[in-house]
Amino acid sequence: MTAARSEFTFRAVALGALLGVVFGLVTVYVALEVGLNFSASVPIAVLAITVFKRLGSQSTLEKNIVQTVGSAGESIAAGVVYTIPALLFLGYRLELWRIFWLALIGGLLGVLFMIPLREYLIVKEHGNLPYPEGTACADILLSGEKGGEFARLVFYGLTFGGVYKLLMSGLQLWPSTIAWSTSGLRGAVLSMDLAPELLGIGTLIGLPVARVIAAGSVMSGIVIIPLIYFFGEQLPTPIYPSRVAIGMMTPGDIWSSYIRYIGAGAVIAGGALLLVDTMPTVVSSVASSVRGVTKVARRTAALVTAKTDEDLPILGVIAGSLLLLVCLYALLVVRINPSGSANVVSVVLVAIFGFFFVAVSARITGIMGSSANPISGITIAVLMLTCLLFVAAGWTGKAYEAIAISIGAIVCIAASNAGTTAQDLKTGYLLGASPRLQQLGLVVGVLTSVFVIGFTLMWLNGDSEAPVPVASAPLPAASQLMDSGVVLKGQRYDVYAVSAGGSVPAGRYLVTPDHRLAFHETQHIGTAALPAPQAQVMAILVEGLLTHRMRWRLLLAGVVVALVLELCGVRSLPFAVGMYLPLSATATLLLGALISHFSKRKLAREVEDPFQPGVLFSSGLIAGGAIAAIAVAAASSFGLLGEFNLGERLGIPLLRSEGWALAVFAGLCVLLWRYSRKRDGRDSAT
């Protein structure tokens with residue numbers, strides 16, 4: 001009991017839950033901004049060492065519980081942001097109850113489904129599955145003194161990133177973006193977002209991935225959009241799916257009407273090809289998982305005495321999984337699809353797809369790490385299979401779009417959390433921790449993080465803001481009635497979802513009884529600042545399959561783009577994600593990757609070193625910038641942002657100049673360069 005208490009303590013669980021919430025919030029923002037996420041296990045482990053050093057604790061297992069509990073927030077947030085915002089693009093509102101229950105069910109299933117797989121994947125396959133991030137965390141926790149010294153880099157990055165972002169976006173002391181365009185190439189804009197979190201993400205993903213993502217943005221923003229203008233700006237009639245002539249369209253309109261479908265085809269093909277590449281692993285994972293479940297079932301009656309071989313009781317795992325599936329059925333019946341059609345089938349699909357892809361995710365993470373885990377491909381496969389089954393059964397109404405997204409969200413969250421769970425269990429196995437206590441910690445991490453992820457997503461979307469009046473115009477034909485009898489300022493309106501490609505921007509509109517637009521509901525997710533690229537693909541896929549309105553020619557063009565890249569030996573999925581991102585964002589990613597690349601070349605540092613100063617400083621930059629951005633969004637939702645606009649109040653022209661903004665950003669880049677070149681607390685040059 002003494003050993004258990006020194007491992008699973010209140011302070012370890014509380015600190016892990018706090019850090020899980022913080023990095024969960026960071027992941028929400030980052031995934032919306034660039035469609036990527038990063039593993040928070042290493043920075044959480046480093047921070048745990050620092051905190052417990054001050055508390056006088058020498059227990060490595062107690063620090064391990066901190067990173068175990070904390071890691072759940074990041075993985076759940078990634079699964080949520082990749083899928084649930086798709087409902088916005090289908091005409092639904094973001095609703096807190098929906099986000100909470102889908103995240104809770106998916107997160108807990110990811111933990112529970114992983115438990116019967118632990119013995120095989122973590123113990124029996126110890127020599128074959130290295131789990132890179134899990135092994136790095138074990139190294140960090142064992143090298144506690146060194147980890148404590150390097151924690152300062154995380155704190156420095158967090159401070160610089162947070163202060164920089166607040167001064168830029170909150171006080172607005174310099175522009176957040178610099179841009180250049182020319183009339184000779186209509187539609188092309190060279191730009192850069194001066195955001196600290198983008199600079200840090202570029203450092204973490206590395207130059208090979210960052211340059212492919214940037215290439216996707218260049219293709220869509222500098223090549224395809226100007227070509228569309230060149231061939232179409234003189235045409236008097238619109239080209240489907242747009243209802244506006246090309247000459248009258250903005251670059252944003254062209255992106256919404258054409259580019260996003262090409263990008264969706266590339267993402268679908270890239271995700272599918274990545275999943276095909278891992279198919280041998282998929283088959284072996286599922287086969288071994290079945291054997292593992294059978295073996296565990298035979299041992300349920302045996303007495304397990306070794307702490308390092310003790311899981312949560314298998315009967316409790318089965319009962320908990322069944323309870324979660326019952327909760328899902330109740331959620332479908334009460335709130336999503338009261339008619340009852342497809343509800344039982346949906347629960348069965350979640351159970352089958354969930355366990356299958358939990359095994360796949362855990363195995364792939366063990367081989368290649370979290371960054372190579374094909375969560376997008378998994379979700380695309382689940383949505384395509386679900387929608388094809390629904391079409392075959394004749395379930396093609398509007399409600400079935402929400403059901404399909406709900407199935408995809410739960411499986412995506414479960415698979416994402418399963419990869420993190422497997423990593424944590426690997427760390428614990430290397431340290432001699434109790435799997436049962438780690439599994440309890442993961443459950444706590446899920447329960448604490450899901451409460452705040454929904455609030456953050458809604459804040460960033462601006463759901464608390466009032467609808468904005470628009471010029472009166474006829475309701476476009478491609479619109480879907482979503483609600484009726486909504487009262488605003490004493491008048492009754494119907495709410496319609498307007499699809500992209502019409503004569504007005506896509507979104508939800510309050511419409512008068514004579515079918516004229518009156519108000520536009522505020523929606524920040526889906527804009528250039530928060531494009532949510534993964535969720536946009538999910539929405540296009542579900543809507544196209546269930547409504548038979550798939551833009552097949554544009555989609556197939558994207559598929560061919562992906563195939564060409566694969567033939568050239570280039571992974572197409574990062575390129576496809578880049579097609580969804582503005583060049584301003586991917587240019588900053590590329591700059592961060594270049595700084596990291598050349599600073600590491602100067603040092604000839606080993607890639608396997610878990611204490612890379614640039615990585616730790618960049619993790620802090622990401623956290624600080626994202627937390628500050630969330631704070632600014634919260635202030636804006638309460639109408640307080642105008643009071644803090646110091647740049648406008650001072651009225652100094654220099655503060656609005658791009659040269660001044662570039663100079664400040666250059667200072668941040670110099671800091672990243674210097675910290676990336678440090679080793680053991682010293683400059684490499686000394």
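The values are calculated or read from the model by the stated rules, or taken from the named source; none is laboratory data. Keep in mind it's a predicted model, so treat the numbers as computed, not measured. Note: ideal-geometry Cβ built from the backbone for every residue, glycine included; neighbour counts use all protein chains shown.
Considering only segment 85-98, I want to know if a residue exists there that is surrounded by fewer than 23 Cβ atoms within 10 Å (Cβ to Cβ), more than 22 Å from residue 377 (Cβ to Cβ), of a type in the set (Ser, Thr, Tyr) and touching an Asp or Glu at 6+ places or on another chain (Cβ under 9 Å). Yes, that holds for at least one residue.
Only one of the listed residues (228, 222) is farther than 24 Å from residue 27 by Cα and either hydroxyl-bearing (Ser, Thr, Tyr) or surrounded by fewer than 20 Cβ atoms within 10 Å (Cβ to Cβ) (or both). That residue is 222. Condition check for residue 57 on (1) assigned to a helix (DSSP H, G or I); (2) under 30 Å from residue 310 (Cα atoms): one failure, at (1). Can you confirm whether segment 543-566 contains a residue that is closer than 27 Å to residue 641 by Cα and surrounded by 21 or more Cβ atoms within 10 Å (Cβ to Cβ)? Checked against the condition, which is being closer than 27 Å to residue 641 by Cα and surrounded by 21 or more Cβ atoms within 10 Å (Cβ to Cβ), segment 543-566 yields no hits at all.
Please tell me if residue 523 is assigned to a loop (DSSP other than H, G, I, E, B), in contact (Cβ under 8 Å) with a residue 24 or more places away in the chain and in contact with a strand residue (DSSP E or B) (Cβ under 6 Å, 6 or more places away or on another chain). Reasoning before the result, please.
Numbers: assigned to a loop (DSSP other than H, G, I, E, B): yes; in contact (Cβ under 8 Å) with a residue 24 or more places away in the chain: yes; in contact with a strand residue (DSSP E or B) (Cβ under 6 Å, 6 or more places away or on another chain): yes.
It is true that residue 523 is assigned to a loop (DSSP other than H, G, I, E, B), in contact (Cβ under 8 Å) with a residue 24 or more places away in the chain and in contact with a strand residue (DSSP E or B) (Cβ under 6 Å, 6 or more places away or on another chain).
Only residues that are assigned to a helix (DSSP H, G or I), among the hydrophobic types (A, V, I, L, M, F, W, C) and more than 27 Å from the chain's Cα centre (by Cα) were counted in segment 391-443, giving 6.
Counting the residues of segment 191-231 that are touching a strand residue (DSSP E or B) at 6+ places or on another chain (Cβ under 9 Å) and modelled with pLDDT under 90 gives 0. Only residues that are in a helix (DSSP H, G or I) and either at pLDDT below 90 or of a type in the set (Val, Ile, Thr) (or both) were counted across segment 554-571, and they come to 4. For residue 18, the stated conditions hold: it is without any contact (Cβ under 8 Å) to a residue 60 or more places away in the chain and within 18 Å of residue 455 (Cβ to Cβ). Once segment 454-470 is narrowed to residues that are buried (at least 17 other Cβ atoms within 10 Å of the Cβ) and touching a Phe, Trp or Tyr at 6+ places or on another chain (Cβ under 8 Å), the residue that is modelled with the lowest pLDDT is 467.
Taking the options 327, 412, name whichever one is buried (at least 24 other Cβ atoms within 10 Å of the Cβ), of a type outside the set (Asp, Glu), out of contact with any strand residue (DSSP E or B) (no Cβ under 9 Å at 6 or more places or on another chain) and modelled with pLDDT of 90 or more. Before the answer, list the steps.
Details: 327 fails: buried (at least 24 other Cβ atoms within 10 Å of the Cβ).
It is 412.
Candidates in segment 106-123 are the residues that are within 26 Å of the chain's Cα centre (by Cα) and not aliphatic (A, V, I, L, M); of these, the one that is nearest to residue 134 (Cα to Cα) is 118. When segment 466-487 is limited to residues that are in a strand (DSSP E or B) and over 34 Å from the mean Cα position of the chain (by Cα), the one that is farthest from residue 637 (Cα to Cα) turns out to be 474.
Quick grid of which residues meet (1) over 24 Å from residue 460 (Cα atoms); (2) modelled with pLDDT of 85 or more; (3) in a helix (DSSP H, G or I); (4) not aliphatic (A, V, I, L, M):
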site	(1), (2), (3), (4)
22	no, yes, yes, no
36	no, no, no, no
42	yes, no, yes, no
53	yes, no, yes, yes
69	yes, yes, yes, no
72	no, yes, yes, no
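Restricting attention to segment 186-208, does a residue exist that is part of a loop (DSSP other than H, G, I, E, B), farther than 27 Å from residue 666 by Cα and in contact with a Pro (Cβ under 9 Å, 6 or more places away or on another chain)? Yes, there is a match, as at least one residue in segment 186-208 is part of a loop (DSSP other than H, G, I, E, B), farther than 27 Å from residue 666 by Cα and in contact with a Pro (Cβ under 9 Å, 6 or more places away or on another chain).
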